[in-house]
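The values are calculated or read from the model by the stated rules, or taken from the named source; none is laboratory data. The structure presented is a predicted model; accordingly, all values stated were derived computationally and were not measured. Positions of Cβ are generated from backbone atoms using ideal geometry, with glycine treated the same way; all protein chains shown enter the neighbour counts.
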Amino acid sequence: MVEEIKSTQIYTPKEARDFLKVSESTMKRMLKRGILKAYKVSGQYRIWGDEILRLVSPKLEPRVYKVYKNLRTKTKNIIEKW
């Protein structure tokens with residue numbers, strides 16, 4: 001049974017990865033690119049539940065696809081030049 005994401009709760013990157021079902025490297029990329037906003041506390045990332053919910057919101061889907069499409073195009077161009 002999957003636990004419900006609470007918007008006012010703070011999660012670790014591992015907990016967020018479990019909710020989103022992504023790999024550790026994908027989570028690192030999401031944090032680095034600002035796709036998922038996190039705060040460093042004592043050298044460790046902490047993520048508000050509302051950030052996780054924002055990421056999986058249907059309203060965000062078209063913007064996420066646009067970012068993905070741009071990234072895919074840039075990658076393809078770099079590979080073709082290589």
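List of remarks:
- Candidates 16, 38 - the one that is surrounded by 14 or more Cβ atoms within 10 Å (Cβ to Cβ) and touching a Pro at 6+ places or on another chain (Cβ under 8 Å): 38
- If you filter the range 26-57 down to residues that are under 17 Å from residue 67 (Cβ atoms) and hydroxyl-bearing (Ser, Thr, Tyr), you find that the one that is nearest to the chain's Cα centre (by Cα) is 26.
- Scope the range 20-39; condition in contact with a helix residue (DSSP H, G or I) (Cβ under 6 Å, 6 or more places away or on another chain) and either in a helix (DSSP H, G or I) or touching a residue at least 40 places away in the same chain (Cβ under 8 Å) (or both); matching residues: 27
- Residue within the range 11-30 that is modelled with pLDDT under 90 and hydroxyl-bearing (Ser, Thr, Tyr) present: no
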